[in-house]
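S.K.: Can you keep this structure in mind? I'll have questions shortly.
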Amino acid sequence: MYHHQQEELAKNITTNIMALKTITKASIAKMVKETVEEYFERIFESGVWTLDDIIDQAKDMGYECDEETAKDIMGSIDHNFDASIGISWDTINVYLDDYTDKMKKLESTKEE
């Protein structure tokens, strides 16, 4: 995580703490967890790729992709990519193809 990303995340957490109506240990913990999850849903661990990148690339490839689908794909990439190679458009394309193939297989088994 880059320094500017750390600062943005800290600012988001501070803003959300200030917006809490009731400040308890549990409410702060829940808010921090939600803020961090939301932040990392928008930005890959690499600090470069966003959900919009996945959605736009899917559309360019002729696939339908909403935010929830992009989150699933981003999670798969984040957990499985080779850090020595990194994440590229080719990586995203492969995961989009794999995800689409899996969904087609699931649909065909439901129809049978």
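S.K.: Hey, what does the equivalent ellipsoid look like for the chain, semi-axes from the Cα gyration tensor as sqrt of 5 times each eigenvalue, largest first, whole Å?
M.R.: Semi-axes from the Cα gyration tensor: 32, 18, 11 Å.
S.K.: Still on this structure, I have one more. List the aspartates and glutamates whose Cα lies under 12 Å from the Cα of Lys25, skipping any in the same chain that are fewer than 8 positions away.
M.R.: Here the aspartates and glutamates satisfying the reach criterion relative to Lys25 do not exist.
S.K.: State to the nearest 20 debye the size of the charge dipole of the chain about its Cα centre, where the only charges are +1 on K and R beta carbons and -1 on D and E beta carbons. Walk me through the intermediate numbers first.
M.R.: Values: 12 positive and 25 negative charges, 165 e Å.
About 800 debye.
S.K.: Now, a different point. Using only alpha carbon pairs under 8 Å that are at least six residues apart, calculate the relative contact order of the chain and give it in whole percent. Walk me through the numbers before you get to the answer.
M.R.: On the way: 60 pairs, mean separation 21.4, N = 112.
Answer for the chain is 19 percent.
S.K.: Listed here are the pairs Lys21/Lys59; Lys71/Lys110; Lys71/Lys104; Lys30/Lys105; which of them are more than 29 Å apart at the Cα?
M.R.: Beyond 29 Å between Cα atoms: Lys21/Lys59; Lys30/Lys105.
S.K.: Computed over the Cα atoms of the range 1-42, what is the ratio Rg over Rh, Rh following Kirkwood?
M.R.: Rounded to two decimals, Rg/Rh equals 1.00.
S.K.: So what J values fall out for the range 83-95 if you push phi through Karplus, 6.51 cos²θ - 1.76 cosθ + 1.60 with θ = phi - 60°, rounded to Hz, Gly and Pro as x?
M.R.: 5, 6, 9, x, 10, 10, 4, 4, 4, 4, 4, 4, 5
S.K.: Rounding to the nearest 10 and keeping the result within 0 to 90°, find how far the Cα-based axis of helix 25-42 lies from the longest principal axis of the chain.
M.R.: With rounding to tens, the tilt is 40 degrees.
S.K.: Quote the convex hull volume per residue of the range 49-112, based on C-alpha atoms, as a whole number of Å³. Mind dumping the intermediate values first?
M.R.: Working: hull volume 5.3 nm³, N = 64.
So the per-residue hull volume is 82 Å³.
S.K.: Now a separate question. Can you tell me the 0 to 90 degree angle between the C-alpha axis of helix 67-80 and the longest principal axis of the chain, rounded to 10?
M.R.: Between helix and principal axis, roughly 90 degrees.
Throughout, read-outs are computed from the coordinates displayed, never taken from laboratory work. Worth saying up front: this structure is predicted, and the values here are computed from it rather than measured. Cβ atoms come from the backbone with ideal geometry, glycine included; neighbour counts cover every protein chain shown.
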